[in-house]
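We did not get these values from a lab; they are worked out from the coordinates using the rules stated. All figures in this text were calculated on a predicted structure; none of them were measured in a lab. Glycine gets a Cβ as well: all are built from the backbone with ideal geometry, and neighbour counts include every protein chain shown.
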Amino acid sequence: MDKVQPLPAAAGIIAARLRPGRRRPFVLGIAGAQGSGKSTIARALAARFGCPVLSLDDLYLDGAARQRLAETVHPLLRTRGVPGTHDVAAGLAAIEALAHGPALLPRFDKARDEPGSPERVAGPAEMLILEGWCLGMRPQAAAELVAPINDLERVHDADGRWRRWVNARLAGAYQALWARIDQLVFLEAPGFDVVADWRIEQEHAARGPMSDAEVRRFVQYYERLTRHMLRHGHAWADLTLHLDADRRPRD
């Protein structure tokens with residue numbers, strides 16, 4: 001499938017880029033669950049518009065920082081992914097730098113599970129594509145955090161301390177990063193059940209080290225907020241594209 005096809009709004013994006021008086025760079029956000037195709041779409045649009053891409057994944061904290069969180073806050077924070085395991089300030093700084101000249105964009109090496117060498121990109125940039133699984137997400141209400149929603153939470157976060165801490169981080173600095181997004185596109189999965197299958201496909205394609213069972217456990221870290229995004233993401237996004245199980249737009 002041509003993964004660029006789920007973005008028929010390219011003309012609208014261009015019009016927004018040319019809107020007089022906007023700040024630079026114009027930030028196009030692409031949100032979607034794991035495996036929804038957001039990274040592929042981001043790369044294709046970046047080639048079309050000649051602009052850089054920054055992934056939320058590129059902002060992951062290094063292993064030492066996550067180990068400190070695991071020791072001082074909750075053991076589940078050793079695993080990257082949820083709000084609180086990113087260097088949000090680095091993302092904001094990169095956007096600001098691109099407004100004035102060349103910039104060093106953070107890059108994360110998932111094979112090493114550590115930050116890689118930053119990429120120098122030309123600037124000032126008129127446009128930046130920011131992609132990530134929880135872009136634009138708002139925090140959950142306290143009542144929604146009470147009951148665990150999967151085995152990971154039932155066994156390893158029975159008292160809810162991890163999910164409450166993650167939710168508080170989402171309510172804080174992440175909202176400042178979301179505020180820099182000029183237009184948010186949400187690639188809406190047909191349901192959470194397909195997310196593990198999509199992530200398994202990614203692991204097979206990349207010949208990654210995780211077994212299918214390990215992938216299904218891994219996506220449990222994301223399940224709570226992914227379901228939250230599937231319920232409310234259409235209200236937070238400027239454009240929602242409803243995907244079927246094959247990642248084709250249903251609209």
* By how many degrees, between 0 and 90 and to the nearest 10, does the Cα long axis of helix 161-171 differ from the longest principal axis of the chain? -> 20
* Calculated Cα extents along the principal axes in Å (choose from (1) 52, 39, 39; (2) 64, 34, 33; (3) 54, 50, 36), label -> (1)
* Structure fact -> Expected sort for 179-188, 236-245, 31-40 on mean C-beta neighbours within 10 Å, highest first, is 31-40, 179-188, 236-245
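Please find the FRET efficiency linking Asp212 to Gln67, where r is the Cβ-Cβ separation and R0 is fixed at 25 Å, and quote it to the nearest 0.05.
On the way: r = 27 Å, r/R0 = 1.10.
For Asp212 and Gln67, the calculated efficiency is 0.35.
Can you tell me the order of 144-154, 160-170 when each peptide is scored by its average per-residue count of other Cβ atoms within 10 angstrom, highest first? Display every interim value, and only then the final one.
Details: 144-154: 14.5, 160-170: 18.6.
Top of the packing list down: 160-170, 144-154.
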* Between helix 193-205 and the chain: long-axis angle, C-alpha atoms, 0 to 90°, nearest 10 -> 70
* Asked: Residue by residue, what Karplus-based ³J(HN,Hα) values in Hz, rounded to whole numbers, does the range 53-60 have, using 6.51, -1.76 and 1.60 with θ = phi - 60° and x for Gly and Pro?
  -> 10, 10, 9, 4, 4, 5, 9, 4
* Structure fact -> Phi-derived 3J(HN,Hα) across the range 219-225 with the Karplus relation (6.51, -1.76, 1.60, θ = phi - 60°), rounded Hz, x for Gly and Pro, is 5, 5, 4, 9, 4, 4, 7
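About the Cα centre of the range 184-229, what is the dipole size in debye to 20, counting +1 per Lys and Arg Cβ and -1 per Asp and Glu Cβ, all else neutral? All intermediate terms of the calculation are to be shown ahead of the outcome.
On the way: 6 positive and 8 negative charges, 34 e Å.
For the range 184-229, the charge dipole is close to 160 debye.
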* By average Cβ neighbour count within 10 Å, what is the ranking of 222-233, 105-116 from highest down? -> 222-233, 105-116
* Asked: Non-local amide H neighbours of Leu61 (under 5 Å, H modeled in plane, Pro and chain starts lacking H): which ones?
  -> His86, Asp87
* **Cβ charges +1 (Lys, Arg) and -1 (Asp, Glu), total dipole of the chain, debye** => 560
* Round to a whole angstrom and tell me the spacing of the C-alpha centers of the range 88-142 and the range 154-226. => 18
* Whole-Hz ³J(HN,Hα) from phi, Karplus 6.51 cos²θ - 1.76 cosθ + 1.60, for the range 175-182, glycine and proline x -> 5, 5, 5, 4, 5, 7, 7, 7
* Structure fact -> Percent relative contact order for the chain, counting Cα pairs under 8 Å at least six residues apart, stands at 26
